[in-house]
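Data block below; observations after.
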Amino acid sequence: MIRNAVVALALSLGLIATVACSGDAGSPTPAAAPPTSTPPSARATQPAIAPGLRTPDAGSTGSSESTSGPKQGGIFNTLWSDPPTLDPHLVTDGTSYGIVIEVFSGLVRLGPNPSQPFEPDLAESWSISGGGTVYEFKLRNDLKFSNGDPVTAQDFKWSLERAAHPDTASTVAEEFLGDIVGVKEIVEGNATSASGIEIIDERTLRLTIDAPKAYFIAKLTYPTAFVVNRNNVESMGKNWTDSPVSTGPFRIKEYRIGQRIRLARNDNYWDRPAYLDEVVFNLAGGVAMAMYENDEIDTTGVGLADLDRVQDPTEEINKDLVDVPPNFAVSYVGFNINKAPFDDPAFRQALNHAVDKQLIADQVFSNLVKPAYGIIPPGFPGYSADIKGLAFDPVLARDLLNQSAYANPANRPRIVLTVPGTGGSPGLTTEVVADMWRQNLGIEIEIQQVEWATYIQDLHRGRLQAWSGLSWQADYPDPQTFIDVLFRSDSGINYGGYANAKVDEYVVSAQTEQDATKRVGFYNDAEQIVVSEAAWLPLWWGVDSKALVKPWVKDYAFSSLTIAKFKDVWIDK
C-alpha cells in the first residue's frame, strides 16, 4: 500500500530532487554548501541530481585541450539565488557561502585534497606553541584589499572582534571563534577587545585559545574568520555590502536583487589573478536544463527526467557529461526538542521507525540517494559503519507511539513542519514522509512554507517546531563539525535544542583529546546516543551523480567540500 502511494506521488509530481548547496531534505545533495541550506528558489530552478564537488587533484572538468594553455578573459555563467547576506561574518547558508568565498578570504583556506586539508591564504605561514594553544600567523608581504588599501594584522584583529560583537549579530561567531581567549566576553557584551588576539607587528598576528584543540585551524577557514576593510564597513554602515572592499580572487561588480550578481577579477589579489573576467550568477530563475541547452548557463546538474538522455552516447549533449562524487552532507528532518510533541523521545523514535527510507530511495529516487541512519557521511573523517540507526519497523513505531505521552490524538498538539518555499509543492520527500507518518502511525501534520530568509532566521531563533528542506554540509574535514557543532547542548547551531549530558561529556572530551583514535571514538559514542534518541530523522547521504559542463569551460574543479573554484577556471572559445 505504501509502495503504491510513493510511486503514485512521484509520478504525479513529476519531480525527484533538487540541485543546490542543500535542497529539499529528500534531495540528493550537491556540494556547495556549509552550514544550512540553499533556498527554494534555487531548488525550483535547478535540476534534480546535484553535483558534489570533487577535489582538483581527483580531476576537474575540461582539461586543457589548447596547446597554448589557460587563457585570460571570458565570462562564466551559472544559476543561483539571492544570498541572505554578503557579510562573511553573518554567513550561515550555502547560497551566501558560495559567493562569499570567491570574494573574501582569511588567514587559511581549505586545501585541495585530503592529504592537504588546509593551506595558507593571506597568512603565508603559521606556528603552534604553548602546548597547542598559541597560533602565530605571518601575513604575506604587500597584501592589499581590492581598493588598494594594505592588509595588516590590525585589520584581522578588528575583523575578528567585529564578528564577535553583539552589534554585528552573528549567530555563529561564538561557535567558530569562541575558542579564542576573550571572544566569548565580546559576544556576551562584556568586552570590546579579546586578549587572545594580539598584534605582534604589522605582519604578525597571535591567537591564543583556551585549550589545545585539533580542529581550531580548521575553523579559521570559515567566513566568520575572514578579514574585512574597517573603513569600508564603518563609512557605509549597514549598506557596506552594497560595495564591499575585499581580498578574494574576485570583487563584487554588480548586485541587482532578483536579477544577477556579477563578480569581476580582483587585480589586487595576492596570488595569480583569476583567468575569468567575470562570473555571473543568474538570480532570475528558469529551467536549468533548458538554459544550459540554450547556452545561457555553463554548467548544471542532471535531473532524473533527463538522465537517460544525457547518458546516451548518441546524444550530442553526452559529450558534456561529467561524474561528480557525493558531497559530505546529510539531509534530515529536524525536531525542536523543547516543543511538544518532540520533547518525548519515544514519539521521535516512532517517527523515525515509521519511514521506509530504502523504499523511497528505490522507488522515488532510483537509488540516487543513500539512506542515512547516522549523522557523519560515509568517507568523512569519523564515519563509523557500526552506528546502529533506527531502521524502518512500523510495528515498533506503533509500539513506541503508544508508549509516548502523545499516543492519544486528543492529547497531541498540532504539528507544523516548516519548509522553505513561496508556494507550490513543499518538496517530494516532505510529502512522502508525511504520508508514511499518516499511514503507519495515524499522525497528521501540517506543512508550512516560508520565505527563505525568514526560514533561516526562524531556525536560528528556535521558533520552528519541526523543519525539513535542509541538509548539513561539513565546513571542514573534522567530525567536530557534525557531532559537536550540531548536538552539544550549548552550541549556537544546535537548532533543535537537543541536550544530553553524556553527549556533552563525549564531545567536550574530544575537543582536547590528542589521540586521534580516542577522539574519533568519543564522537562515535556521542553520535550513537544522538541517533538512538532520535534528535533528528536523518534522511539521505549523497551518492555519485552527474553534471553537465560546457566544453569551452576548462578546469572547473569538483570537491566534496565547498571551496573557492572560479580563480582557476578559464574559457576556451
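The values are calculated or read from the model by the stated rules, or taken from the named source; none is laboratory data. Source: prediction; values computed, not measured. Quick reminder, even Gly has a Cβ in these numbers, built from the backbone with ideal geometry, and neighbours come from all protein chains shown.
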Within the stretch 521-530, can one find any residue that is β-branched (Val, Ile, Thr), touching a helix residue (DSSP H, G or I) at 6+ places or on another chain (Cβ under 9 Å), in contact (Cβ under 8 Å) with a residue 12 or more places away in the chain and not in a strand (DSSP E or B)? yes
Among residues of the stretch 371-403 being surrounded by 19 or more Cβ atoms within 10 Å (Cβ to Cβ) and not in a loop (DSSP other than H, G, I, E, B), the residue nearest to the chain's Cα centre (by Cα) is 371
Read through the list (1) in contact with a Ser or Thr (Cβ under 6 Å, 6 or more places away or on another chain); (2) closer than 22 Å to residue 492 by Cβ, then give the number of the only condition that residue 100 fails. (1)
For the structure I just gave you, tell me whether residue 210 is in contact (Cβ under 8 Å) with a residue 24 or more places away in the chain and touching a Gly at 6+ places or on another chain (Cβ under 9 Å). yes
List the helices (runs of 4 or more DSSP H) that sit entirely inside the stretch 227-327 and contain at least 2 residues that are touching a helix residue (DSSP H, G or I) at 6+ places or on another chain (Cβ under 9 Å) and closer than 17 Å to residue 78 by Cβ. 288-293
Answer yes or no: is there a residue in the stretch 221-235 that is farther than 18 Å from residue 156 by Cβ and among the aromatic types (Phe, Trp, Tyr). no
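In the stretch 96-122, which residues are in contact (Cβ under 8 Å) with a residue 12 or more places away in the chain, surrounded by fewer than 16 Cβ atoms within 10 Å (Cβ to Cβ) and assigned to a strand (DSSP E or B)?
Correct list: 113 only.
Restricting to the stretch 76-91, name every residue that is hydroxyl-bearing (Ser, Thr, Tyr) and surrounded by 23 or more Cβ atoms within 10 Å (Cβ to Cβ).
Going residue by residue through the stretch 76-91, those that are hydroxyl-bearing (Ser, Thr, Tyr) are 78, 81, 85.
Matches in the stretch 76-91: 81 only.
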Going through 503, 543, 553, 485 one at a time, which residue ends up being under 16 Å from the mean Cα position of the chain (by Cα) and surrounded by 18 or more Cβ atoms within 10 Å (Cβ to Cβ)? 485
Is at least one residue of the stretch 518-529 surrounded by fewer than 21 Cβ atoms within 10 Å (Cβ to Cβ), of a type outside the set (A, V, I, L, M), in contact with a Phe, Trp or Tyr (Cβ under 7 Å, 6 or more places away or on another chain) and farther than 28 Å from residue 468 by Cα? no
Within the stretch 297-316, is even one residue buried (at least 19 other Cβ atoms within 10 Å of the Cβ), more than 24 Å from residue 92 (Cβ to Cβ) and in contact with a Lys or Arg (Cβ under 6 Å, 6 or more places away or on another chain)? yes
Residues of the stretch 297-325 that turn out to be under 22 Å from the mean Cα position of the chain (by Cα), within 20 Å of residue 367 (Cβ to Cβ) and either at pLDDT 95 or above or of a type in the set (Lys, Arg) (or both), as a count: 0
Tell me, please, whether a residue that is outside any strand (DSSP E or B) and small (Gly, Ala, Ser) can be found in the stretch 533-540. yes
Need pairs with beta-carbon distance below 8 Å; first residue within 14 Å of residue 82 (Cβ to Cβ) and within the stretch 276-295, second surrounded by fewer than 16 Cβ atoms within 10 Å (Cβ to Cβ) and polar (S, T, N, Q); sequence gap 6+ or separate chains. 283/259; 284/259
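So which residues in the stretch 170-216 are assigned to a strand (DSSP E or B) and more than 24 Å from the chain's Cα centre (by Cα), if there are any at all?
The initial filter retains those residues of the stretch 170-216 that are assigned to a strand (DSSP E or B), namely 180, 197-201, 204-209.
If the condition is that a residue be assigned to a strand (DSSP E or B) and more than 24 Å from the chain's Cα centre (by Cα), then 197, 198, 199, 200, 201, 204, 205, 206, 207, 208, 209 are the ones that fit.
Given the structure, is residue 248 of a type in the set (Gly, Ala, Ser) and buried (at least 22 other Cβ atoms within 10 Å of the Cβ)?
Spelling it out, residue 248 is indeed of a type in the set (Gly, Ala, Ser) and buried (at least 22 other Cβ atoms within 10 Å of the Cβ).
Output yes when any residue across the stretch 450-461 is among the hydroxyl-bearing types (Ser, Thr, Tyr), under 24 Å from the mean Cα position of the chain (by Cα) and surrounded by fewer than 20 Cβ atoms within 10 Å (Cβ to Cβ), and no when none is. Working first, answer last.
Initially, the stretch 450-461 is screened for residues among the hydroxyl-bearing types (Ser, Thr, Tyr), giving 454-455.
Keeping just the survivors that are under 24 Å from the mean Cα position of the chain (by Cα) gives 454-455.
Then keep just the ones that are surrounded by fewer than 20 Cβ atoms within 10 Å (Cβ to Cβ); that gives 454.
The answer is yes, given that some residue of the stretch 450-461 is among the hydroxyl-bearing types (Ser, Thr, Tyr), under 24 Å from the mean Cα position of the chain (by Cα) and surrounded by fewer than 20 Cβ atoms within 10 Å (Cβ to Cβ).
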Mind listing whichever residues of the stretch 409-427 are farther than 20 Å from residue 343 by Cβ and over 21 Å from the mean Cα position of the chain (by Cα)? 422, 423, 424, 425
Being of a type in the set (A, V, I, L, M) and over 21 Å from the mean Cα position of the chain (by Cα) is the filter; apply it to the stretch 281-296 and report the residue that is surrounded by the fewest Cβ atoms within 10 Å (Cβ to Cβ). 290
Tell me which residues, restricted to the stretch 420-470, are of a type in the set (Asp, Glu) and either touching a strand residue (DSSP E or B) at 6+ places or on another chain (Cβ under 8 Å) or modelled with pLDDT under 90 (or both). 431, 446, 451, 458
Would you mind telling me which numbered condition in (1) of a type in the set (S, T, N, Q); (2) at pLDDT 95 or above; (3) surrounded by 18 or more Cβ atoms within 10 Å (Cβ to Cβ) residue 125 fails? (3)
Output for the stretch 356-398, where each listed residue is touching a helix residue (DSSP H, G or I) at 6+ places or on another chain (Cβ under 8 Å) and either on the phi > 0 side of the Ramachandran plot or free of Cβ contacts under 8 Å to residues at least 40 places away in the same chain (or both): 366, 367, 382, 391, 392
